[in-house]
Amino acid sequence: MKQFVIKEFLHIFRDVRSMVILFGMPLVQVLLFGYAITNEVKDVKVSVIDQSYDYASQAVVNKLFASGYFLKGEHISSTSEIEESFRKGENKMVVVIGPDFAGKLETGQQPSIQLIADASDPNTANLLVSYASGIINAYSRELIPAANIPVIVPESRMLYNPSLRSVYMFVPGIITILLMLVSAMMTSISIAREKELGTMEVLLVSPLKPFQIVAGKVMPYVLLSFINAGSILILSYYIFNVPINGSLLLLLGETILFILLALSLGIFISTISNNQQTAMMLSMFALMLPTILLSGFIFPIENMPAVLQWFSLIMPPRWFITIIKSIMLKGSGIEYFWKETLILAGMTLVFILASIKKFKIRLA
Amino acid sequence: MGNNEYVIEAENLVKKFGSFVANDNLTFKVEKGEIFGFLGANGAGKTTAIRILCGLLLPTSGKITVAGQNVYTQTEAIKKQIGYMSQRFSLYEDLTINENFRFYGGIYGMSRIKIKEKTAEMLDRLGIESLKNSIVASLPLGIRQKLSFSVAIMHSPQIVFLDEPTGGVDPITRRQFWELIYEAAAKGITVFVTTHYMDEAEYCNRVSIMVDGRIEALDTPRNLKDKFQAKNMDEVFLKLARKAG
């Protein structure tokens, strides 16, 4: 058993590819998601066509650029140039202010202001328009005292992530993806490799019990996955200040449960695939894509078509992400997600039983 | 030989996969210290039989004992008594020779000291002491094959099963490989070897020839050649195969 684990570590440490996945990936992913991939709008190029060019229109323009969200884009003098500038790809939005802006304001008419956004990236376009509208609305409220027109202004507060930082959302997702990748994919590939190379047969002929073979193969990955999850937490805590509001012990416990689940999935995949290629493909399509797409990590589950929503119910990552989000961000205890925990435990049991059954059939 | 101590006894061994009969009523006995050749064309059922004897497959019916143990119920005990070298290469290519020995010794429960001793002895025999820290993938096929065999007998099993051990190696290496087999047999290890090289059959004490899942002949190479009036084993085999076809 000890020799087995040593051997397994040797395999991992001698394989450059495994090392990169194990130790490079977490770092790169956290930094990528933390720095580069954000849903926030910052320094986006915006052009202005100001047909009035008076004190009021200039005030609006100044407000926009003072917000920090927008940067002055290329100069456009007429509406006919708008499309051209979008095609070049630099500008993301154009603000068109109609003629006689100040005059209309003073006489109590509706001055016209138009926001034209490049919706080839709909999310950004949406955000840009809502930010800009917000700024313009604020300005108009400044001009017209609230007493004149009763406006309902809802005051919103964002709980658990007050500054709406996307890192908060990504960290639980990355931990989940990486645990899936390391635990499920790497174990399934490493077991499939023994089958492909024929060494599995030699192991089965030896006095080792199948249980020992599997445990020996899996143990190093449990350890490495755990180290991985830990290092992601540390990175995100110190670099991006993602809080861990709940109990760290509980978080680690749930992480171990999820690692076990991912491993049992990996073992199951390896029992149904005979070579590394199949194991890899199966893990990719059966694990990675659903983890990324259906777990609610990137796309909200509530917006999915009903069929996909049902499908996401059987996705282990969905439950795990819910759990770590509530521990890390909301600081809640087990009483709020014992159901999710039970579901994960149940899934683990099912996969382990299925693998044992598959393993036996193969031997008979 | 001739003391009639049998280490493998098979009586009416049958293995069916669905309606396909891979092993049809095989009956044979292998004596202790014997080199027993198990011949047959590809697909004749050799590998199925060897897998049953090693405890990798359960037979459909028949009375079979290996090293005195029942293959239905005592596979765990059998596994401690046997060594196995598969058709495919059984060493880990990304580990060194030493690491491979340590691993295989470890899974057979050998002590560190014993493993060290055995490793030194085996490498000395092959004359490759200096290569002990080389990665296996960097070694020539011939050496790797001999190493696989050394690993299969390092825990001093009663029986070693070799499934087409010399596939793809040159004639000289095959000769050297057979010298290793003889040495093992001289130490009392029973060798059960499958092959489709008929010249190798001449090196066995006794051979059984399988055609379409049945044993068509079982005797010493000399007796078989006399019986079929053949110059060599190749002819014996062709005559048998033709008869069956």
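List of remarks:
- Options A:Gly173, A:Gly198, A:Gly216: the member that is free of Cβ contacts under 8 Å to residues at least 12 places away in the same chain and among the small types (Gly, Ala, Ser): A:Gly198
- Set A:Asp15, A:Asp54: member being open to solvent by less than 70 Å² (accessible area, probe 1.4 Å) and within 14 Å of another protein chain (Cβ to nearest Cβ): A:Asp15
- Tally, over region A:74-97, of residues that are out of contact with any helix residue (DSSP H, G or I) (no Cβ under 9 Å at 6 or more places or on another chain) and either open to solvent by less than 70 Å² (accessible area, probe 1.4 Å) or not in a loop (DSSP other than H, G, I, E, B) (or both): 12
- Residues located in region B:68-79, provided they are among the hydrophobic types (A, V, I, L, M, F, W, C) and more than 18 Å from A:Leu208 (Cα to Cα): none
- Residues that are open to solvent by 40 Å² or more (accessible area, probe 1.4 Å) and without any contact (Cβ under 8 Å) to a residue 24 or more places away in the chain, drawn from region B:64-81: B:Gln69, B:Asn70, B:Tyr72, B:Thr73, B:Gln74, B:Glu76
- Taking the criterion of being in contact with a Leu (Cβ under 8 Å, 6 or more places away or on another chain), over 19 Å from B:Lys243 (Cα atoms) and assigned to a strand (DSSP E or B), the residues of region B:26-54 that qualify are B:Thr27, B:Phe28.
- Test: residue in region A:85-97 that is touching a Gly at 6+ places or on another chain (Cβ under 9 Å), within 14 Å of another protein chain (Cβ to nearest Cβ) and not hydroxyl-bearing (Ser, Thr, Tyr): no
- From the options B:Phe103, B:Phe149, B:Phe89, residue that is open to solvent by less than 10 Å² (accessible area, probe 1.4 Å) and facing chain A (nearest Cβ under 9 Å): B:Phe103
- Filtered residues of region B:59-82 (kept if at the interface with another protein chain (Cβ under 8 Å from one of its Cβ atoms) and in a strand (DSSP E or B)): B:Ile82
- Residue in region A:57-73 that is most open to solvent (accessible area, probe 1.4 Å), counting only those that are small (Gly, Ala, Ser) and part of a helix (DSSP H, G or I): A:Ala66
- Residue match in region A:161-175 (condition: open to solvent by 10 Å² or more (accessible area, probe 1.4 Å), in contact with a Lys or Arg (Cβ under 8 Å, 6 or more places away or on another chain) and either on the phi > 0 side of the Ramachandran plot or modelled with pLDDT of 80 or more (or both)): no
- Hits in region B:106-138 (condition: open to solvent by 20 Å² or more (accessible area, probe 1.4 Å), among the aliphatic types (A, V, I, L, M) and within 13 Å of chain A (Cβ to nearest Cβ)): B:Met110, B:Ile135, B:Ala137
The values are calculated or read from the model by the stated rules, or taken from the named source; none is laboratory data. What you are looking at is a predicted structure, and each value in this text was computed from that prediction instead of being measured. Using ideal geometry, Cβ is built from the backbone for each residue, glycine included, and neighbour counts are taken over all protein chains shown. The protein model used for the area step is the full one, side chains on, heavy atoms only, and it has no ligands, DNA or RNA in it. Shrake-Rupley method; radii C 1.70, N 1.55, O 1.52, S 1.80 Å.
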